[in-house]
Amino acid sequence: MARKLTGSQRSYIRKKTTVHDLDPSEAAGELNIVPFLDIVMNIIMFLLATTQAVLAIAEIEAQLPQLGRGRGAQTEGSALNLSVTVTPEGIVVAGSGGKLAPGCANTASGRVITVPKTATGYDWAALTACVARVKAEPQFADETQVIVGADPTIEYENMVHAMDALRGQGTTELFPNVMLSAGVR
């Protein structure tokens, strides 16, 4: 014998078996990403605003060599034309008279490393002492210009250290006009 359902049971079954119409956004199966995009845009705007305020830009004062046809106040024979090249083996200091030998007392020819690289890295104090010795020569006392170059494998940080070592020794200004040169192998 079949049992009859009560009114509350029939109501419960009707409620659970009726098909509800879906919202149009649910029918397509797509997510509503507008709130997510609002959050992302707010984060981007916040990051841009804080980066603008916090970002510190360092500027290194340097000049590029210029080509010119006229002669300056110095003649080519008396000009120092000091150039410093940072290599993986060490630092080469050269001028119009040739490359400086280790110790910076005299010149040498061939492949010469003026300030060899040590186990701990480049010896910037020795470079400063070397160019201070050159600056102490009476004929180069008025020189202020140096050309700095590096091997392409040298890190930029080492170029900055070289420029700092050449510009001064304590309060004494050595070669403040630093020009950059392309690295040559």
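Using each residue's phi in the range 144-156, evaluate 6.51 cos²θ - 1.76 cosθ + 1.60 at θ = phi - 60° and report the 3J(HN,Hα) Karplus result to the nearest Hz, with x for Gly and Pro.
Result, rounded to whole Hz: 10, 10, 9, 10, 10, x, 8, 5, x, 7, 7, 6, 4.
Once you charge only the Cβ atoms, +1 for Lys and Arg and -1 for Asp and Glu, what is the size of the charge dipole of the range 83-180 about its Cα centre, to the nearest 20 debye?
The calculation lands at about 240 debye.
For the range 83-180, give the share of DSSP beta bridges that are antiparallel, in percent and rounded to the nearest 5; count only bridges with both residues there.
For the range 83-180, the DSSP antiparallel bridge percentage is about 60.
Quick one: check the C-alpha center-to-center distance for the range 101-117 versus the range 124-185, whole angstrom.
Using only Cα atoms, the two centres lie 15 Å from each other.
How about the range 116-185: which GluC sites (Glu not before Pro) there lie in a loop by DSSP and see at most 10 other Cβ atoms within 10 Å?
Within the range 116-185, the qualifying GluC sites (Glu not before Pro) (loop, at most 10 other Cβ atoms within 10 Å) are Glu155.
Taken together, the values in this text are just the output of simple stated rules run on the coordinates, not laboratory data. The shown structure was predicted, so the numbers you read here are calculated from the model rather than taken from an experiment. All Cβ positions, glycine included, derive from the backbone under ideal geometry; neighbour counts span all protein chains shown.
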